[in-house]
Amino acid sequence: MKIHESEKSVVVALCDKELLGRVLTEGETVLDLKGYAYFYKGREATAEEAREAMKCATSINLVGKRSVALAEKLGLVGKNEVRRVGGVPHAQVYRV
C-alpha cells in the first residue's frame, strides 16, 4: 500500500504484492505495475491498515483479487465496477 497525500487529496494505491513488477494488458488497456511500480509500492499493509487508509481516501486505486475484494467487502466498489486487465481485477474509487 502506498498513500499519496497533497493539500486537497489522499490517494490510496493498493496492489496485491505478487503483481508488482508485472505489465498487465487487456486490448488497448495497459496497467504497468513495473515501470510505475513506485505508485503502488509502499509498505506491506494488513487488511485493517488498508481499511483505515481507504476510509480517509479521496481516491483509491486497486489491483488484484485481495485488494479489490477488500474494497468490495467495505462497500466501496461493486462487482459491476470492477474491470479485468490481463485477467486481474482492477478498480478505481473517487469521492468528490
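For the range 52-96, the strands (runs of 3 or more DSSP E) that sit wholly inside it and include 1 or more residues that are under 25 Å from Glu7 (Cβ atoms) and in contact (Cβ under 8 Å) with a residue 40 or more places away in the chain are 59-63. Within the range 10-48, the residues that satisfy the criterion of being among the charged types (D, E, K, R), closer than 12 Å to Gly86 by Cα and outside any strand (DSSP E or B) are Arg22, Glu28. Applying a threshold of 6 Å to beta carbon distances and a minimum spacing of six or more residues, or different chains, the list of pairs starting in the range 26-41 at a residue that is touching a residue at least 12 places away in the same chain (Cβ under 8 Å) and ending at one that is of a type outside the set (A, V, I, L, M, F, W, C) reads Glu26/Gly86; Leu33/Arg22; Lys34/Gly21; Tyr40/Lys2. Scanning the range 12-28 for residues that are under 19 Å from Glu49 (Cβ atoms) and surrounded by fewer than 16 Cβ atoms within 10 Å (Cβ to Cβ) returns Lys17, Glu18, Leu20. Of all residues in the range 50-74, those being out of contact with any helix residue (DSSP H, G or I) (no Cβ under 9 Å at 6 or more places or on another chain) and over 10 Å from Leu14 (Cβ atoms) number 7. Condition (residue is modelled with pLDDT of 95 or more and on the phi > 0 side of the Ramachandran plot) applied to the range 76-88: is it met by at least one residue? Checking the range 76-88: at least one residue is modelled with pLDDT of 95 or more and on the phi > 0 side of the Ramachandran plot.
The values are calculated or read from the model by the stated rules, or taken from the named source; none is laboratory data. Being a predicted model, the structure only gives us computed values, none of them experimental. Virtual Cβ from ideal backbone geometry, glycine too; neighbours counted across all protein chains shown.
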